[in-house]
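The values are calculated or read from the model by the stated rules, or taken from the named source; none is laboratory data. Here the structure is a predicted model, which is why all the values come from computation and not from measurement. So basically every Cβ, Gly included, is an ideal-geometry build from the backbone, and we count neighbours across all protein chains shown. All accessible areas refer to the heavy atoms of the entire protein, side chains included, with ligands and DNA or RNA removed. Shrake-Rupley method; radii C 1.70, N 1.55, O 1.52, S 1.80 Å.
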Amino acid sequence: MRILIYLHVWMICFSITGKAGPQTWIRINQVGYLPGDQKVAVLLSQKPAGELAFVVKEASTGNIVWEDEGIRTNGERWGMHIALRLPFTGLSQPGEYYIESNQVSSPVFRIGPEVYQGSADFILNYMRQQRCGYNPYLDAECHQQDGYIVDHPSRTGEKIDARGGWHDASDYLQYLSTSANATFQMLFAWQQTPDKTIFKDEYDAAGRKGSNGIPDILDEIRWGLDWMLRMNPDSAVMFNQIADDRDHAGIRLPNLDGVDYGWGADRGRPVYFITGEPQGLGEHQNRTTGVASSAGKFASAFALGADLFKDWDPAFAATLQQKSLEAFGFAEAKPGTTQTACLRSPYFYEEDNYVDDIELAAATHYHLTGEENWRKKADYWGQLEEVTPWMELGRARHYQFYPFVNLGHYYLSQSADPVIREKYTGYMRQGLECLAARAAQWDDPFLNGVPFIWCSNNLVVAVITQARLYYQTSGDETYLEMEAALRDWLFGCNPWGTSMICGYPASGDSPTRPHSAYVDLLHDIPFGGLVDGPIYKHIYENLRGIHLVYEDAYAPFQGGAAVYHDDPGDYSSNEPTMDGTASLSFYLSTMETEGKKQSATGKVLDPQGAIVKKKNNKIVHLIFSADSLFEGAIPILETLKKEKVRASFFLTGNCLRMKEYEPVIRRIITEGHYLGGHSDRHILYAPWEDRTKSLVTPDSLIIDLRNNLKELERFGIRQQEAGYFLPPYEWYNEESVRLLKSQGQQVINFTPGIRMAADYTTPDMPNYRSSRELIDQLWEFEKEQTLQGAIILIHPGTQEKRSDKLYLHLSEIIRTLRGKGYDFAGIDE
């Protein structure tokens with residue numbers, strides 16, 4: 001039956017793409033959808049009329065699982081008579097499906113928590129392929145003679161060691177602007193998601209297959225930072241680029257690069273000194289006005305690198321820290337932008353803003369240190385550019401406003417100062433609103449308000465990054481649909497029906513003939529590379545050297561707002577770029593993390609949105625929460641050690657600050673138990689009699705949470721490692737769960753119906769329950785409902801008036817559960 005259904009779907013798809021001539025298409029995210037995602041497909045049709053109705057069918061049976069009507073949008077924007085948005089967000093059951101509407105079917109797609117698994121690591125394939133100096137893809141050295149200083153008042157012609165880094169794209173130019181941004185983007189991804197199950201260790205430091213004990217993304221970051229240190233040998237000596245457009249001398253492999261820049265074929269390339277003045281060795285001069293755009297990028301990458309490498313390589317981190325401070329001082333002393341230089345053609349990266357670079361450097365220091373002087377500096381520069389200009393204007397020249405997303409605003413939106421936090425959260429919202437308003441004005445079926453300038457996909461990545469960070473910060477769901485639409489755009493829900501990442505997903509339509517020497521000469525694919533993306537037709541038609549090699553497979557879709565070709569002759573839309581690819585690392589790792597949270601076999605939520613049960617087979621999760629009373633910790637840890645059980649502890653800031661508990665807290669960590677937050681001051685979030693109301697303001701709740709997390713950091717538990725949170729008093733409402741989720745905290749609670757948490761009661765209370773009553777009730781619950789995936793709470797501290805301590809019965813509970821076939825796991829397992 002399964003084979004017949006798939007054959008039926010294939011025949012329908014063939015009928016709309018075969019020689020008879022297609023007229024209607026349904027575009028979907030080919031990677032798939034997380035169960036909790038916003039899910040909207042797009043139907044495009046050249047027919048003048050059509051139906052709104054659509055159905056979603058299970059791929060294996062053909063059964064209808066969803067029915068609805070599409071929403072009409074502006075088909076003319078993409079050269080179509082009809083464009084419908086087909087929403088099916090409510091379908092969350094994992095499985096494989098396809099959509100039918102207007103007598104056509106979509107490709108089969110998957111809903112499941114694992115759909116983005118491996119995606120963040122996949123793009124690193126392209127980063128390794130772009131390495132300069134030693135290229136692990138070719139297992140060959142290249143550009144070993146780099147390079148010779150140019151444009152220096154006294155050192156021009158001097159040879160320096162500038163080996164390493166990454167080639168910018170399919171050419172072999174190297175730019176500080178793109179390389180520093182790529183390095184920072186990967187640093188940011190690891191800072192936000194330091195998860196070795198997402199960023200694995202399968203390659204060594206040189207990029208060759210084989211682990212070296214360090215996550216591969218850190219190896220790639222180190223490759224970039226080492227090169228940046230060579231490009232910044234002294235405090236006021238910085239270099240901005242290696243080579244120039246003389247590089248454009250035909251398709252060749254990097255280890256066979258024979259371009260002669262004046263020192264002999266492959267005998268060294270020019271290394272451009274940052275002068276702070278207009279540059280260009282030929283007739284074409286850029287419009288450089290200062291050094292801050294480049295110096296700021298050095299400063300921010302060095303600062304974040306110093307923090308993330310302090311445990312991996314303290315000496316290296318100390319060097320980065322010093323370099324960061326020197327670079328920041330240089331940026332402040334000589335504001336302005338440093339643009340890239342050209343010689344033969346008028347094309348260069350026209351970066352025209354720099355305050356965002358200084359802001360990011362200061363904001364990074366502020367985020368890492370919390371020092372007031374850094375906050376003031378970051379705020380001074382940050383408020384000078386509230387919205388990244390291309391977002392507001394809807395236009396830009398080539399790399400005019402770079403980087404495309406302002407992560408400095410994000411760092412300031414995390415400030416403990418509510419005024420600063422609200423200001424920069426508002427700035428992030430303004431940028432998103434500009435894009436949403438533009439998409440609405442055009443009535444775009446893909447909700448795409450991005451200008452289709454060169455490297456438009458980089459802009460798309462910038463928007464989904466800002467949208468995700470804004471949601472995590474504010475909890476505001478206003479832009480989630482736009483975020484999902486632009487994410488889906490990258491993976492096939494676009495007019496051309498193709499993913500924009502080479503070779504990904506493996507089973508879908510993706511670039512296989514990009515502008516790349518590896519395609520032309522080795523007949524391989526630059527796997528993981530994000531291509532430039534669709535470009536306005538008037539830009540495409542006025543670029544030099546464009547010529548299609550093959551018949552345009554996407555010809556029916558070139559009559560809209562932009563064009564795109566999977567053809568090596570179109571370097572404007574189909575060339576992978578190193579910086580665009582690296583900028584995906586944060587978002588894809590975030591999607592992988594979200595998938596883990598949404599694991600279909602992993603959780604049951606209560607009406608407020610907290611996890612109260614995991615669907616693990618015969619697994620029980622023991623959790624312990626404490627505020628000021630923690631006298632039972634030692635006997636609990638002794639029992640857990642004896643019984644070889646991993647459990648989870650949730651402690652308030654009050655508890656974490658108490659000196660007498662410090663040794664036992666360190667023991668919890670040393671013995672491998674999970675340690676998470678339980679609020680700072682053990683405040684009550686909602687009235688006992690009406691949990692729909694709130695007793696704390698959003699600001700107060702977030703500040704209290706952050707203070708709790710700071711206390712955990714004193715014990716070496718970083719926020720990313722403490723993603724599960726048990727609310728104080730185990731009492732909360734939908735608002736508090738949403739706010740906690742916006743701060744990266746997944747709320748958990750004990751499984752309803754299990755009364756072990758009543759172990760705090762004392763004999764003078766009307767609701768008093770003895771330990772024996774609680775244990776007997778647990779066995780009765782297990783008999784009636786099972787404890788599969790149950791979360792069981794026991795308090796490790798109770799008042800002296802309760803002499804009957806439940807935690808002293810822990811060994812009995814564990815052994816009885818084991819006798820019934822249960823095992824134990826931490827809440828994060």
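So here's what we get for this one:
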read-out	value
Net charge over other residues, Cβ less than 12 angstrom from the Cβ of Ala686 (K, R count +1; D, E count -1)	-3
Bins of 5 Å, starting at 0 and running to the largest distance - Cα pair percent for the range 632-709	3, 14, 21, 19, 14, 11, 10, 6, 1
Expected 222 nm ellipticity per residue - DSSP helices of 4 or more, -39500 (n - 2.57), all of the chain, to 500	-11000 deg cm²/dmol
About the Cα centre, charge dipole magnitude for the range 478-526 (Lys/Arg +1, Asp/Glu -1 at Cβ), debye	60 debye
Per residue, in Å², the accessible surface of the range 399-441 once ligands and nucleic acids are set aside, probe 1.4 Å	30 Å²
Alpha carbon centroid spacing (whole Å) that separates the range 432-457 from the range 132-198	32 Å
Spatial separation of Cα centroids for the range 653-688 and the range 761-823, in angstrom	21 Å
Measure of compaction for the range 695-792 (Cα Rg per 2.2 N^0.38 Å)	1.33
Accessible surface, the range 222-293, averaged per residue in Å² (probe 1.4 Å)	37 Å²
Positive minus negative residues near Ser499 (Lys, Arg vs Asp, Glu; Cβ under 15 Å)	0
Long-range HN-HN contacts of Arg27 with modeled amide H, under 5 Å	Val42, Leu43, Leu44
Mean projection area, nm², convex hull over Cα of the range 427-552	9.1 nm²
Sulfur and carbon atoms: percent of accessible area, the range 378-467 [1.4 Å]	52 percent
For Phe725, residues with placed amide H under 5 Å, excluding near neighbours	Gln746, Val747, Ile748
Listed peptides 111-119, 204-212, 72-80 by packing density, highest first (mean Cβ within 10 Å)	111-119, 72-80, 204-212
Modelled FRET efficiency - R0 30 Å, Arg72 with Glu551, Cβ distances, 0.05 increments	0.35
Per DSSP, loop GluC sites (Glu not before Pro) in the range 463-543 with at most 13 further Cβ within 10 Å	Glu477
Protection proxy ranking, peptides 396-405, 294-303, 60-69, average beta carbon neighbours within 10 Å, highest first	294-303, 396-405, 60-69
Net dipole in debye of the chain [+1 Lys, Arg Cβ; -1 Asp, Glu Cβ; about Cα centre; nearest 20]	1480 debye
Tail weight of P(r) past 19 Å, computed on alpha-carbon pairs of the range 117-195, percent	49 percent
Between the range 228-291 and the range 729-754, the alpha-carbon center distance in angstrom	54 Å
Value of relative contact order over the range 541-665, rounded to a whole percent, pairs C-alpha under 8 Å and six or more apart	14 percent
Cα shape, the range 223-268, gyration tensor, a/c 1.5 rule	prolate
Helical segments meeting 18 Å axial Cα length and Kyte-Doolittle 1.0 threshold in the chain (DSSP H)	2-15
Mean accessible surface per residue for the range 67-202, computed with a 1.4 Å probe while every protein chain stays in place, in Å²	33 Å²
Summed side-chain charge close to Asp68 - residues other than Asp68 whose Cβ falls under 14 Å, Lys, Arg +1, Asp, Glu -1	0
In the range 532-577, chymotrypsin sites (Phe, Trp or Tyr not before Pro) in a DSSP loop with at most 13 other beta-carbon atoms within 10 Å	Tyr550
Amide H partners (placed H, <5 Å) of Gly133, local residues excluded	Cys142, Gly164
Ratio of Rg to Rh over the chain (Cα coordinates, Kirkwood Rh, two decimals)	1.00
